[in-house]
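Data first, discussion second: the structure below is written as structure tokens.
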Amino acid sequence: MIKVKSKTLPKVEVRGPSFDRVDGSVVADALGAQQVDAKVAAKQGPIALFGLRQALVERLKSSGGRPGLGVSRRQKIPLEETDWELLCRLSELLSDDDVHPTPGQIASELLHQRLRQVRDGIEHADADRLREELGKVGMKRRATG
């Protein structure tokens, strides 16, 4: 019988073959997919909070003291008082016996998620612009060829 004395289990190593990542735009082009503007509902329920909590659990790393997000930069960001109060409330809601995210850690994760969405939007817009430019070049070649 195995007795685990600590709360964390040892890291599992995957030794099987790995595959190269495939860019989403390559798959979209191969399937003939088209851009659809999807909007997230303004009201988000427990599922969104659970997703936030899971993301925090995955990013929180213990270094002997209070688990941190393992970030390399700490930056002061001004907040409205109501925003800080909401972060404090979220901290209470997402805490349990094993996980105690601070309001600052929650703010970091929310900002991280939103910035990823913005980055993806920018990259998609850049890809659309590139396709448009390549299309113009192709049309010019056909016209002069």
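The values are calculated or read from the model by the stated rules, or taken from the named source; none is laboratory data. None of these values were measured; they are calculated from a predicted model. Cβ sites come from the backbone with ideal geometry, for glycine too, and all protein chains shown count toward neighbours.
Structural remarks
- Residues that are loosely packed, with under 15 Cβ neighbours inside 10 Å, assigned to a helix (DSSP H, G or I) and at pLDDT 70 or above do not occur anywhere in the stretch 73-80.
- Residue that is under 25 Å from GLU58 (Cβ atoms), modelled with pLDDT of 75 or more, exposed (fewer than 10 other Cβ atoms within 10 Å of the Cβ) and of a type outside the set (Val, Ile, Thr), where the choices are ASP83, ASP97: ASP97
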